[in-house]
1. Which value, in nm² and rounded to one decimal, describes the direction-averaged projected area of the C-alpha convex hull of segment 384-483?
2. Using a Förster distance of 60 Å, how high is the FRET efficiency between Q292 and F75, based on the Cβ-Cβ distance and rounded to 0.05?
3. Using label points projected 7 Å from each Cα along Cα→Cβ, tell me how many nm separate A266 and E216, to one decimal.
4. Counting only other residues whose beta carbon sits under 11 Å from that of A142, what net charge do I get with K and R as +1, D and E as -1?
5. Looking at the chain, send over the antiparallel percent of its DSSP beta bridges, to the nearest 5.
6. With a cut-off of 8 Å between alpha carbons and a minimum separation of six or more residues, what is the relative contact order of the chain in percent?
7. What is the Å³ per residue value for the convex hull set by the Cα atoms of the chain?
8. Send over a whole-number figure in Å² for the accessible area per residue of segment 120-254, probe 1.4 Å.
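The values are calculated or read from the model by the stated rules, or taken from the named source; none is laboratory data. Everything numeric here is computed off the predicted structure, so don't read it as measured data. Note: ideal-geometry Cβ built from the backbone for every residue, glycine included; neighbour counts use all protein chains shown. For the accessible areas, the whole protein counts, side chains as well, though only heavy atoms, and no ligand, DNA or RNA atoms are used. Shrake-Rupley method; radii C 1.70, N 1.55, O 1.52, S 1.80 Å.
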Amino acid sequence: MKTETILPEESTLDPQDWNSIRALGHQMLNDMIDYIQSAAQRPAWKKPSSYAVASMQQPLPELPQEAADVYEDFFTQVLPFNTNNIHPRFWGWVQGGGTITGMLADMLASGMNANVSIGEHMPMYVERQVINWAKEMMGFPATASGILLSGGSLANITAMIVARNHFNNNIRQKGLQSMPSQLIVYGSAETHNCVSKGIEVIGIGSDNFRKVPVDENYCIDLKVLEQMIIADKASGYTPFCIIGNAGTVNTGAIDPLTELSAIAKAYNCWFHVDGAFGAIPKILPEFQQRLQGIELADSLAFDYHKWLYVNYEVACVLIKDAAAHREAFAIAVSYLANHERGLSSGPDPFSNYGMELSRGFKALKVWMVMKENGMQKYRQLVRQNIRQAQYLAGLIKQEPSLELLLEPSLNIVCFRYVGDTTDTEQLNLLNKEILMQLHEKGIAAPTYTFLNGKYVIRVAITNHRTRSSDLDQLVKAVIHIGGGFSL
Ligand SMILES: *Cc1c(COP(=O)(O)O)cnc(C)c1O
């Protein structure tokens, strides 16, 4: 049979015209560098136009379009309406701002299109290098293991899966029904909700997550924790895991980690630390005391995309006991068996350490950005953000119309406009209105939380572009907007 009759027209996704795609690529690169360079000159936030939103309600495209035209759609309908966490006055939730080198590294990784799951190729070694650096930063032993994940949520959940499967080696095969009694997890009431999701995912159920009350600094109450554990044991339950927070999402509170580790040991519990952003100051000499205990954890989750400013998305989980980590996920199947030589040899597949098989090359941007900046630069920037939080707190305290809810323990500042009102309900509505106007006027993008029933404006500074003048501007604007309302 002739080839033409079976394959009349062979096609590819590679361009017909390499020169025009090259020109388009250069244009994109220039545009993005301009875009980031000029971030401060644009509003802190802009509501997506109705035209842009409508452009995302089109039917499935049947006919091809020129790449340049598709790029034009991106440029006009998507790019102008970013989350905008690249802006110097973005302080919402906890989001990092990324870097140019991180952006370029993502392009390189995507160009390689490496699948970092299995095989003998350099991306496997780059990720192992990054994990080894993570252990060094966090005081974990060289024998620990780890894996990169999409975010703190997945890092926390991965740690909880390891904790569960390590608790009893029947659980993987027989499930939790094989346990003689209900497993119980403990963590402060300020624990991030991704931990609750994790507890659901591992089949324990969020009703069996004991939310331990916090003290006036929003740290876990150790006495109550221990009472709860004793009561649970007396009722025939099985305490099995304690979560410590290194930096809660609401206020940046750091639980007493060394003490938590001792309690975990005493009651035979796994000790996990959620250090999504708050573990990062572990790199600062002046935080050794405050963050002591991270290195005692059985597992630790932290993000690169928040306070290490690496572009989305990338986080890390470290597990002290590498064998426990592997035993939680490894399944021997013939199509994934390692060979002695060739492409199918290489390091232990990452699929033995997590839920994912196919995985992108997130490690490259971490590796490049960390090499580019060095820990010296990182120490300077993390310290700068902590000092900026203290600076902002100082500005707020000087203003009689503003109230600082608590001294920042890390990089999060919670405050509200009070004017001369004391009515909580009125103040809650007013501060919500102030926040919405800060966004809609494009002035700044903090977010909010509730502390003891009070609606507060919450500024989380994981932003290497913020300058003290940006914080001056925020305070001025809040006073100006708040003052416009007569209560
Ligand atoms: C952000 C955050 C998480 C979740 O991390 P993602 O990277 O957003 O998935 C978990 N815990 C804390 C304390 C956080 O701040």
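1. Its Cα hull, projected and averaged over all orientations, spans 5.7 nm².
2. Efficiency for this residue pair is about 0.75.
3. Label-label distance for A266 and E216, simple model: 2.5 nm.
4. 0
5. Around 55 percent antiparallel, to the nearest 5.
6. Answer for the chain is 22 percent.
7. Dividing the Cα hull volume of the chain by its residues yields 198 Å³.
8. About 41 Å² of surface per residue is accessible.
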